[in-house]
1. Checking the condition among the hydrophobic types (A, V, I, L, M, F, W, C), under 26 Å from Asn131 (Cα atoms) and assigned to a loop (DSSP other than H, G, I, E, B), which residue from Leu31, Leu36 passes?
2. Output the number of residues of region 68-83 satisfying the condition of being away from the ligand (no atom under 11 Å from the Cβ) and open to solvent by 40 Å² or more (accessible area, probe 1.4 Å).
3. Using the structure shown, decide if Asp34 is under 18 Å from Pro79 (Cβ atoms), loosely packed, with under 15 Cβ neighbours inside 10 Å and among the charged types (D, E, K, R).
4. Any idea how many residues of region 100-132 are more than 12 Å from the chain's Cα centre (by Cα) and closer than 20 Å to Ser42 by Cα?
5. Being touching a helix residue (DSSP H, G or I) at 6+ places or on another chain (Cβ under 6 Å) and assigned to a loop (DSSP other than H, G, I, E, B) is the filter here, so list the residues in region 54-72 that pass it.
6. Does Glu48 satisfy the criteria of being assigned to a loop (DSSP other than H, G, I, E, B), of a type in the set (D, E, K, R) and open to solvent by 80 Å² or more (accessible area, probe 1.4 Å)?
7. Considering every residue within region 25-41, establish whether at least one is near the ligand (Cβ under 10 Å from one of its atoms), in contact with a Phe, Trp or Tyr (Cβ under 7 Å, 6 or more places away or on another chain) and farther than 17 Å from Met13 by Cβ.
8. Name the single residue, out of those in region 90-132 being out of contact with any Gly (no Cβ under 9 Å at 6 or more places or on another chain) and without any contact (Cβ under 8 Å) to a residue 24 or more places away in the chain, that is nearest to the ligand (Cβ to nearest atom).
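The values are calculated or read from the model by the stated rules, or taken from the named source; none is laboratory data. Not measured: the values here are computed from a predicted model. Every residue, glycine among them, receives a Cβ derived from its backbone with ideal geometry; neighbour counts consider all protein chains shown. These area figures cover heavy atoms from the full protein model, side chains too; ligands, DNA and RNA do not enter into them. Shrake-Rupley method; radii C 1.70, N 1.55, O 1.52, S 1.80 Å.
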Amino acid sequence: MTFRDTTPDYASMGLASEYSKIDYPKPDGKLSFDKLSSVYLSNTYHEEGQRCHLHLKDQSIPISVNLVKFDEPAQRYCPAGVYEVVEDEGEKKFVINGQNCIHCKTCDIKDPSQNITWVTPEGGGGSNYPNM
Ligand code: SF4
């Protein structure tokens, strides 16, 4: 028997206000590692100067909707730390560090507003695991 859940993944996200913040321990560098060290191991490469392959349908949604309701989950679900919310002169800004993307496509699936579209990078860019 196959069990199916017909609710899309992005529609299953709860409001940030309904949950307490998880205080994750810092990576110890032995058994657990920070995201950017792991991105380095993926040998991710994108040709310089190519357009960002992560498109927002509406530039305002990450801050005006996702941050307010969900504490902008892209900051946490992206395994490569591509998405950040930074403060610039007292104003919150959504930053996309597209060159770190390892092309798992989670953001395209999980964004609660379905505002992020992942497209293939130019020139076969992306991660390259030489020992696999
Ligand atoms: S595809 Fe994966 S690695 Fe790339 S930005 Fe989206 S969540 Fe991050």
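1. Numbers: Leu36 fails: assigned to a loop (DSSP other than H, G, I, E, B).
Checking each option against the conditions leaves just Leu31.
2. The first filter runs over region 68-83 and keeps only residues away from the ligand (no atom under 11 Å from the Cβ), leaving 68-72.
From the residues that got through so far, the ones that are open to solvent by 40 Å² or more (accessible area, probe 1.4 Å) too are 68-69, 71.
Looking only at that region, the number is 3.
3. Working: under 18 Å from Pro79 (Cβ atoms): yes; loosely packed, with under 15 Cβ neighbours inside 10 Å: yes; among the charged types (D, E, K, R): yes.
Yes, satisfied.
4. 14
5. Step one: of region 54-72, the residues touching a helix residue (DSSP H, G or I) at 6+ places or on another chain (Cβ under 6 Å) are 54, 70-72.
Of everything in region 54-72, those that are touching a helix residue (DSSP H, G or I) at 6+ places or on another chain (Cβ under 6 Å) and assigned to a loop (DSSP other than H, G, I, E, B) turn out to be Asp71, Glu72.
6. Values: assigned to a loop (DSSP other than H, G, I, E, B): yes; of a type in the set (D, E, K, R): yes; open to solvent by 80 Å² or more (accessible area, probe 1.4 Å): yes.
Criteria met by Glu48.
7. No, every residue in region 25-41 fails to be near the ligand (Cβ under 10 Å from one of its atoms), in contact with a Phe, Trp or Tyr (Cβ under 7 Å, 6 or more places away or on another chain) and farther than 17 Å from Met13 by Cβ.
8. Lys105
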